[in-house]
Amino acid sequence: MKPSQRDVMRRLWLRFGGDRGRTVETYAEAEAHGQVDRRSNVRNLSALEYASRLYADGIKKGWLG
């Protein structure tokens, strides 16, 4: 079973000390390589755009930070 999107983002956030750019880019690469799954893509977002929005959601909702 693959880790959840939040788990992957959280690990990367910790690994890169909260560096947004490195975290988002590495998450997008992980998704592109099949290391994390996205349930749906109704809005047709690129992996990088999705990662950016997921990062922002984590900061806003407090599960990152």
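The values are calculated or read from the model by the stated rules, or taken from the named source; none is laboratory data. Just so you know, these numbers come straight off a predicted model, no measurement behind them. When we count neighbours, we look across all protein chains shown, and the Cβ atoms used for this are built from the backbone with ideal geometry, even at glycine.
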**Report entry** Checking Gly17 against (1) surrounded by fewer than 13 Cβ atoms within 10 Å (Cβ to Cβ); (2) touching a residue at least 12 places away in the same chain (Cβ under 8 Å); (3) of a type in the set (Gly, Ala, Ser), the condition it does not meet
**Finding:** (2)
Query - In the range 14-65, the residues that are polar (S, T, N, Q) and closer than 21 Å to Lys2 by Cα - result: Thr23, Thr26, Gln35, Ser40, Asn41, Ser46, Ser52
Report summary line: Quick count over the range 12-41, residues being more than 17 Å from Ser52 (Cβ to Cβ), at pLDDT 95 or above and of a type in the set (D, E, K, R), is 1
Report task. Tell me, yes or no, whether the range 21-34 has at least one residue that is exposed (fewer than 13 other Cβ atoms within 10 Å of the Cβ), under 20 Å from Lys60 (Cβ atoms) and either out of contact with any helix residue (DSSP H, G or I) (no Cβ under 9 Å at 6 or more places or on another chain) or of a type in the set (Val, Ile, Thr) (or both). Result -> yes
